[in-house]
Amino acid sequence: MISSRNARTIANLAIASALTVLLGACGGGMNLPSLSSSSAPTDAEPPAAPEMPATIRADEIVGRWGLASFQNPNDRARTEAAARGQCKQPYVIGAGTSGGVVMHLADQATPQELRLKGSPSGKNYIGPAGPAGGEQDREIVSFDGRVLVTRFIEKDAAVRYGNMVYVRCAPRA
């Protein structure tokens, strides 16, 4: 006969074993048949391609900029001069906390951190996280360290804003 002390120990071990089996089944270690009518998709999405680094670093465009825009490429020189004149009230591109830059998206009143993204074609973009050349991105048309020209990818924004010309302002005295 089993003593009550041994019986209690055996019962505790049996309960612990049963809980272990039940909890193990919940953890995905065993595949139990599904009683629901919906079936999970068997094809997993391929992982997203890693973002390509841009050839322009975020710290290269952080700073104070005069800003103007043009639609007609023949107006670029005049627009650069107009942007230089805006340094009295500069547009400030800030450094983001995650290595990006703080700028406005089209039609957004609040600036947010954007990423500099490269592409296989060699073009560079500024925009929210995601693939390069997305609808909210702007393409960096040219950058020489002193003048930055960008164009929005989204057609309506590109028409409204044109080619944005940023001319670096002189450091404050």
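The values are calculated or read from the model by the stated rules, or taken from the named source; none is laboratory data. No experiment lies behind these values; they were computed from the predicted model shown. Cβ placement follows ideal geometry from the backbone for every residue including glycine, while neighbour counts extend to all protein chains displayed.
Some points to look at:
- Any hit, region 110-123, residues being assigned to a loop (DSSP other than H, G, I, E, B), on the phi > 0 side of the Ramachandran plot and out of contact with any helix residue (DSSP H, G or I) (no Cβ under 7 Å at 6 or more places or on another chain): yes
- Long-range neighbours under 9 Å by Cβ, at least six apart or interchain, first residue aromatic (Phe, Trp, Tyr) within region 73-86, second assigned to a helix (DSSP H, G or I) and surrounded by 13 or more Cβ atoms within 10 Å (Cβ to Cβ): none
- Scanning region 83-105 for residues that are closer than 25 Å to LYS155 by Cβ and surrounded by fewer than 17 Cβ atoms within 10 Å (Cβ to Cβ) turns up just one, HIS104.
- Residue in region 107-114 that is within 14 Å of ALA54 (Cβ to Cβ) and surrounded by 14 or more Cβ atoms within 10 Å (Cβ to Cβ) present: yes
- Qualifying residue in region 154-166 (condition: out of contact with any Cys (no Cβ under 9 Å at 6 or more places or on another chain), of a type in the set (Phe, Trp, Tyr) and under 22 Å from ALA77 (Cβ atoms)): yes
- In region 115-137, the residues that are of a type in the set (D, E, K, R) form Cβ pairs under 7 Å with partners that are part of a strand (DSSP E or B) and modelled with pLDDT under 95, at six or more places apart or across chains, as follows: LYS117/MET52.
- So ALA58, is it closer than 28 Å to LYS155 by Cα, surrounded by fewer than 16 Cβ atoms within 10 Å (Cβ to Cβ) and at pLDDT 95 or above: no
- For region 138-151, taking the residues that are free of Cβ contacts under 8 Å to residues at least 24 places away in the same chain and assigned to a loop (DSSP other than H, G, I, E, B), the one that is nearest to CYS87 (Cα to Cα) is identified as ARG146.
- Lone unmet requirement of (1) in contact (Cβ under 8 Å) with a residue 60 or more places away in the chain; (2) closer than 20 Å to GLN71 by Cβ for GLU154: (1)
- Of all residues making up region 109-130, the number that are farther than 24 Å from CYS169 by Cα and either among the polar types (S, T, N, Q) or modelled with pLDDT of 95 or more (or both): 6
- Of everything in region 115-173 that is in contact with a Gly (Cβ under 7 Å, 6 or more places away or on another chain) and small (Gly, Ala, Ser), the residue that is surrounded by the fewest Cβ atoms within 10 Å (Cβ to Cβ) is GLY134.
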